[in-house]
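See structure below.
The values are calculated or read from the model by the stated rules, or taken from the named source; none is laboratory data. These numbers were taken from a predicted model, which means no experiment stands behind them. These accessible areas exclude ligands, DNA and RNA; they are computed on the full protein's heavy atoms, side chains included. Shrake-Rupley method; radii C 1.70, N 1.55, O 1.52, S 1.80 Å.
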Amino acid sequence: RELDPLDDRIVLIRISLWPFDSSESAIRGILAELDDGLARVTSTTTTTSRSADRYLRSVEKLQHGWAAAVELLTRRESPGQILKSYGRLARQIGVQVIVWIEDLERFEKAIDRGSAKGLSPIHALLYELQQCDNLAIVLASNSLAARIDLEKIARFVERVPLIETAKVWAIVSRVR
């Protein structure tokens with residue numbers, strides 16, 4: 001189906017990761033934009049409120065030993081379950097949410113140093129989000145293809161070739 005920006009059944013959420021200096025702040029930014037995007041089409045987002053805090057606490061619990069694991073098991077809320085509330089809400093209100101993420105390469109420096117630690121939490125979040133119904137992730141990047149497996153965090157990967165200057169100028173002049 002072709003994307004129609006005027007279709008009220010599509011919620012387009014665009015976020016640039018450039019302003020964020022850590023993976024935690026990027027995760028908070030992504031989830032805050034999801035909350036705001038869904039708030040635009042519904043009067044309440046109570047099912048997703050404070051999702052960033054709940055998600056990050058859940059992920060931290062997975063990394064901090066037996067006591068944290070016991071607390072996580074008694075609460076029975078995995079990171080994926082927390083994020084699925086976005087998909088459930090989108091399905092209930094009849095919308096398809098498209099999360100357009102730019103500047104993921106901001107966290108590429110960690111990969112260059114031989115560690116994906118800076119990117120791994122974001123990678124995990126995007127993987128979990130793309131598993132949600134009524135939610136699609138679009139990554140706009142020009143340099144990550146050789147560094148990470150994009151297919152793990154996006155359902156489809158399309159390589160868009162560069163457009164020659166002469167062709168771009170023809171388009172720009174028509175618009176002007």
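Go through segment 66-99 residue by residue and tally those that are outside any helix (DSSP H, G or I), at pLDDT 90 or above and among the small types (Gly, Ala, Ser).
Residues of segment 66-99 outside any helix (DSSP H, G or I): 76-78, 94-99.
Now drop any that are not at pLDDT 90 or above, which leaves 94-99.
When the remaining residues are screened for being among the small types (Gly, Ala, Ser), the result is 94.
Residues in segment 66-99 being outside any helix (DSSP H, G or I), at pLDDT 90 or above and among the small types (Gly, Ala, Ser): 1 in total.
Could you look through segment 117-167, keep only residues that are of a type in the set (A, V, I, L, M, F, W, C) and open to solvent by 60 Å² or more (accessible area, probe 1.4 Å), and pick out the one that is modelled with the lowest pLDDT? Before you say what the answer is, go through the steps one by one.
Taking segment 117-167 as the starting set, the residues that turn out to be of a type in the set (A, V, I, L, M, F, W, C) are 119, 122, 124-126, 129, 132, 135-140, 144-146, 148, 150, 153-154, 156-157, 160, 162-163, 166.
When the remaining residues are screened for being open to solvent by 60 Å² or more (accessible area, probe 1.4 Å), the result is 146, 156, 160, 162-163, 166.
Values: 146: 50, 156: 63, 160: 68, 162: 77, 163: 79, 166: 83.
Going through the qualifying residues, I end up with 146.
Does residue 63 satisfy the condition of being more than 18 Å from residue 28 (Cα to Cα), at pLDDT below 65 and open to solvent by 80 Å² or more (accessible area, probe 1.4 Å)? Steps first, answer last, please.
Numbers: more than 18 Å from residue 28 (Cα to Cα): yes; at pLDDT below 65: yes; open to solvent by 80 Å² or more (accessible area, probe 1.4 Å): yes.
For residue 63, the condition - more than 18 Å from residue 28 (Cα to Cα), at pLDDT below 65 and open to solvent by 80 Å² or more (accessible area, probe 1.4 Å) - is met.
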